[in-house]
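One structure is given here, and the rest of the page talks about it.
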2 protein chains.
Amino acid sequence: MDSIPQALQQLIGAFSRLPGIGRKTATRLAFHILKADRTEAEQLARALMRVKTEIRQCSICFNITESDPCAICRDPNRDRSMICVVEDAQNILLIERTNEYRGLYHVLGGVISPLDGVGPEDLHIKELLERLQGVKEVILALNPSTEGEATAIYLARLIKPMGIKITRLARGVPLGSSLEFVDELTLGKALQSRSEL
Amino acid sequence: MDSIPQALQQLIGAFSRLPGIGRKTATRLAFHILKADRTEAEQLARALMRVKTEIRQCSICFNITESDPCAICRDPNRDRSMICVVEDAQNILLIERTNEYRGLYHVLGGVISPLDGVGPEDLHIKELLERLQGVKEVILALNPSTEGEATAIYLARLIKPMGIKITRLARGVPLGSSLEFVDELTLGKALQSRSEL
């Protein structure tokens, strides 16, 4: 399309490489930037570069952080007898937002998935085992996928013999949902784990 | 949320200021950038700045361009007896993609909308009238909104007395759609303008 300025084509291309952003949305975003205040484009450009230069991994829990160790690992008010194991750092955010957990975290960096060529040695499992001194409970907050379940079982086998309690997130009907939108497997689990009122 | 690095919070904020990007999508995009190759973030940052520094308006048709006049106004193969009037430069892209039009364009920069305080003097109408020497047809490709229709009528009143043919886009059922998704007004117009097979 020679009728689009090259700079705009580049921006559309860069936007459409983002996940979930198709060509149409990318075009809309690029035109928004074109019309927007110059500072808006500058802020986004600067934030992009800052993220790539200033953020690294916590050497203890592999959370993302600007200073090592991360804010959670440094926080003296956190309960150091509990470690919540997650697949990636993004899941820490989700759990933090619930305000229900005051322990520490450990980011695995994925799940065991032989089909994708990911074995236990590719994850931060060794580092997790090295952190378990004094820990009383390990919560496995992995995704409820086949790989997540398999990884949970693998970890439980390693950690249980150390005399540490292993728990995982409850399965059940999501709050605020309607039963008709809940899949059979989840509904089955919710029935099995029903609780008395 | 003090558990998110500040740089990441900034990027989430910058993404969520884009139109149609909510907090959740912005978070997903920011984490994508965090994990992505450094060059991907750099390309997006550079494209953002390039768009703001290198793109301006064509002094003839008000299309966006890197060199004035724009590629379409400069193209000797374009039919100079036709001008297609659009609301903004983005619409030129849409029409160019159809490969159905080989004339020139004119970007109004909006539509007449008294409620938003936009009068005819706020649009590039004067510049359009000054370009009509030798023009045989003006196609009004404005959005089929109330304001678009009103602006089309306003322009038609100005241009028709100059002996120039005025046309507008056909109204009807969109191709590949299903009748049940077409609103009544459109269906009504499609019935009125039905063509013989």
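The values are calculated or read from the model by the stated rules, or taken from the named source; none is laboratory data. Source: prediction; values computed, not measured. Please note: Cβ atoms are built from the backbone with ideal geometry, for glycine as well, and neighbour counts cover all protein chains shown. SASA here: full protein model, heavy atoms, side chains in, ligands and nucleic acids out. Shrake-Rupley method; radii C 1.70, N 1.55, O 1.52, S 1.80 Å.
Could you tell me which residue out of A:SER81, A:LEU8, A:LEU155 lies farthest along the dipole of the protein assembly as shown toward its positive end? Charges go on the beta carbon: Lys and Arg +1, Asp and Glu -1, centred on the Cα centre.
Positive-end residue among those listed: A:LEU8.
Please list, or write none, the lysines whose alpha carbon is within less than 19 Å of the alpha carbon of A:LYS126, excluding same-chain residues fewer than 8 places away.
Of all the lysines, those that pass the test against A:LYS126 - Cα under 19 Å, at least 8 places apart if same chain - are A:LYS136, A:LYS160, A:LYS165.
Exposed loop sites here are GluC sites (Glu not before Pro) in DSSP loop states with at most 11 other C-beta atoms within 10 Å. What is the longest stretch of chain A lacking them?
Details: sites that count: A:GLU100, A:GLU130, A:GLU196.
Formally, the longest exposed-site-free interval is A:1-99.
Nm distances between the label at B:TYR154 and the same-position labels in the remaining copies, 7 Å along Cα→Cβ, shortest first?
Its label point is 6.6 nm from the equivalent points in the other copies.
Net charge within 12 Å of B:ILE166 by Cβ-Cβ distance, Lys/Arg positive one each and Asp/Glu negative one each, not counting B:ILE166 itself?
Numbers: positive: B:LYS136, B:ARG157, B:LYS160, B:LYS165, B:ARG168; negative: B:GLU137.
Within the 12 Å Cβ shell, the charges total +4.
Would you pull out the residues with amide H under 5 Å of A:VAL118's amide H, same chain only if 5 or more places away, H placed 1.01 Å from N?
Correct list: A:SER113.
Can you put B:ILE55, A:ILE83 in order of accessible area, largest first, using a 1.4 Å probe?
On the way: B:ILE55 25, A:ILE83 0 Å².
Greatest to least solvent exposure: B:ILE55, A:ILE83.
Provide the percentage of antiparallel DSSP beta bridges, counting only those with both residues in chain A; round to the nearest 5.
Values: 3 of 16 bridges.
Of all bridge pairs located within chain A, approximately 20 percent are antiparallel.
Pop out the carbon and sulfur fraction of the accessible area of chain B as a percent, whole number, probe 1.4 Å.
Values: 5930 of 11290 Å².
After summing per-atom areas, the C and S share lands at 53 percent.
Count the DSSP beta bridges whose two residues both fall in region A:77-168, then state the antiparallel fraction as a percent rounded to the nearest 5.
DSSP beta bridges in region A:77-168 are roughly 5 percent antiparallel.
Restricting to bridges with both residues inside the protein assembly as shown, how much of the DSSP beta-bridge set is antiparallel, in percent to the nearest 5? Don't jump to the answer; show the numbers that get you there.
On the way: 6 of 32 bridges.
Antiparallel bridges make up about 20 percent of those DSSP assigns within the protein assembly as shown.
Rounded, prolate or oblate: pick one for region B:6-54, where a ≥ b ≥ c are the square roots of the eigenvalues of its C-alpha gyration tensor, a/c under 1.5 means rounded, and failing that, prolate if a/b is larger than b/c, else oblate. Walk me through the numbers on the way to the answer.
Values: a/c = 2.12, a/b = 1.28, b/c = 1.66.
Here region B:6-54 falls in the oblate category.
Quick one: label points 7 angstrom along Cα→Cβ at B:GLN6, distances to the other copies in nm, smallest first?
Relative to the other copies, B:GLN6 has label-point distances of 3.9 nm.
If the convex hull of the alpha-carbon atoms of region B:1-156 is projected onto planes in all directions, what is the mean projected area in square nanometres?
Numbers: hull surface 51.2 nm².
That works out to 12.8 nm², a quarter of the Cα hull's surface.
Provide a whole-number value for the mean count of partner chain Cβ atoms within 10 Å of the Cβ atoms in peptide A:53-66. Don't skip to the end; give the middle numbers.
Values: counts 3, 5, 8, 1, 0, 0, 0, 0, 0, 0, 3, 8, 4, 5.
The per-residue average across the peptide is 3.
List, shortest first and in nm to one decimal, how far the label point of A:GLU100 (7 Å from Cα along Cα→Cβ) is from its counterparts in the other copies.
Here the equivalent label points are 5.4 nm apart from this one.
Just the Kirkwood number for the protein assembly as shown, please: inverse of mean 1/r across all distinct Cα pairs, in Å, one decimal.
On the way: mean 1/r = 0.0387 Å⁻¹.
The Cα-based Kirkwood calculation yields 25.8 Å.
With every protein chain left in place and a probe of 1.4 Å, what is the accessible surface of A:MET49, to the nearest 10 Å²?
50
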